[in-house]
Amino acid sequence: MTIRRSGKETKRTFSIDGSAYIGVFAIATESVLLLPSHISDNLAMEMGRALKVKAVKTSVAETSLIGCLAVGNSNGFIFSPYTLDSELQQVDDLVGSEGSGEKITRLPERDRLNAVGNVILANDTVALVHPRLSAKTVELVVQTLDVKVYKGTIGGLNTVGMAAVATNKGILAHRNASKVELEFLEDIFELPAEIGSVNFGVPLIGAALLANTKGYAAGSDTTGAELGRIEDALGF
């Protein structure tokens with residue numbers, strides 16, 4: 001699907017390495033999109049245009065699974081403990097060149113819940129995390145992302161980072177999220193929360209949706225109705 005903006009077409013659905021689960025491979029903030037280092041410059045440019053941010057290509061722990069192994073917002077980025085020093089330096093060099101002052105860190109190796117993109121849902125002010133995330137990791141989230149941290153589930157899932165997407169304008173959550181969970185999300189984020197799906201009925205929103213307040217990119221199998229839901233929930 002494309003959406004016409006000021007005479008130009010903006011692509012909204014994408015695949016990475018033939019997969020519609022783009023949220024597994026990338027993360028987006030208000031200013032930066034982190035993508036696998038091997039993807040084409042054209043794809044990076046198109047996805048950056050959809051989100052209206054700078055696209056930065058890198059790897060995490062020598063893999064392309066950036067969306068699973070990293071989480072970030074306008075204040076900083078947290079990476080898996082297996083992220084190489086050279087990878088952290090590359091992100092620091094490329095992201096730091098924007099002059100936005102993000103903190104960049106990684107989890108200690110002893111933390112078993114180290115797929116941070118899977119277990120942390122965050123925008124620029126609040127984070128919801130896996131109920132069993134350690135106190136030390138919670139403190140790292142507070143210090144690095146500069147957010148208030150709460151523990152909880154979405155759709156009964158502990159992997160809240162894959163169960164929803166939160167921007168500074170709204171939240172789209174797993175279609176099985178309960179009324180209590182949605183009310184909790186709305187209370188802590190102080191934003192509207194709605195349920196939906198991506199990739200033709202997949203409820204794991206974070207696995208196939210990247211979004212900020214300026215734009216979004218969804219998995220290539222996402223339907224028109226699902227894109228409409230995304231736009232309604234996230235205020236586009």
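It is to be established whether one or more residues within the stretch 37-53 are surrounded by fewer than 18 Cβ atoms within 10 Å (Cβ to Cβ), in contact with a strand residue (DSSP E or B) (Cβ under 8 Å, 6 or more places away or on another chain) and at pLDDT below 95. No, there is no match, as no residue in the stretch 37-53 is surrounded by fewer than 18 Cβ atoms within 10 Å (Cβ to Cβ), in contact with a strand residue (DSSP E or B) (Cβ under 8 Å, 6 or more places away or on another chain) and at pLDDT below 95.
Residues that are in a helix (DSSP H, G or I) and surrounded by 20 or more Cβ atoms within 10 Å (Cβ to Cβ) were ranked within the stretch 92-139; the one that is nearest to the chain's Cα centre (by Cα) is Gly117. Scanning for something over 16 Å from Asp124 (Cα atoms) and modelled with pLDDT of 95 or more, does the stretch 161-171 turn up at least one residue? For the stretch 161-171, residues over 16 Å from Asp124 (Cα atoms) and modelled with pLDDT of 95 or more: present. For the stretch 109-121, the set of residues classified as closer than 18 Å to Phe25 by Cβ and aliphatic (A, V, I, L, M) consists of Ala115, Val116, Val119, Ile120, Leu121, listed by residue number.
For the stretch 184-217, residues that are in contact with a Leu (Cβ under 8 Å, 6 or more places away or on another chain), aliphatic (A, V, I, L, M) and under 19 Å from Gly67 (Cβ atoms) total 6.
For the stretch 178-236, residues that are assigned to a strand (DSSP E or B) and either β-branched (Val, Ile, Thr) or touching a His at 6+ places or on another chain (Cβ under 8 Å) (or both) total 3.
The values are calculated or read from the model by the stated rules, or taken from the named source; none is laboratory data. If you're wondering where the values come from, they're calculated on a predicted model, not measured in any experiment. Using ideal geometry, Cβ is built from the backbone for each residue, glycine included, and neighbour counts are taken over all protein chains shown.
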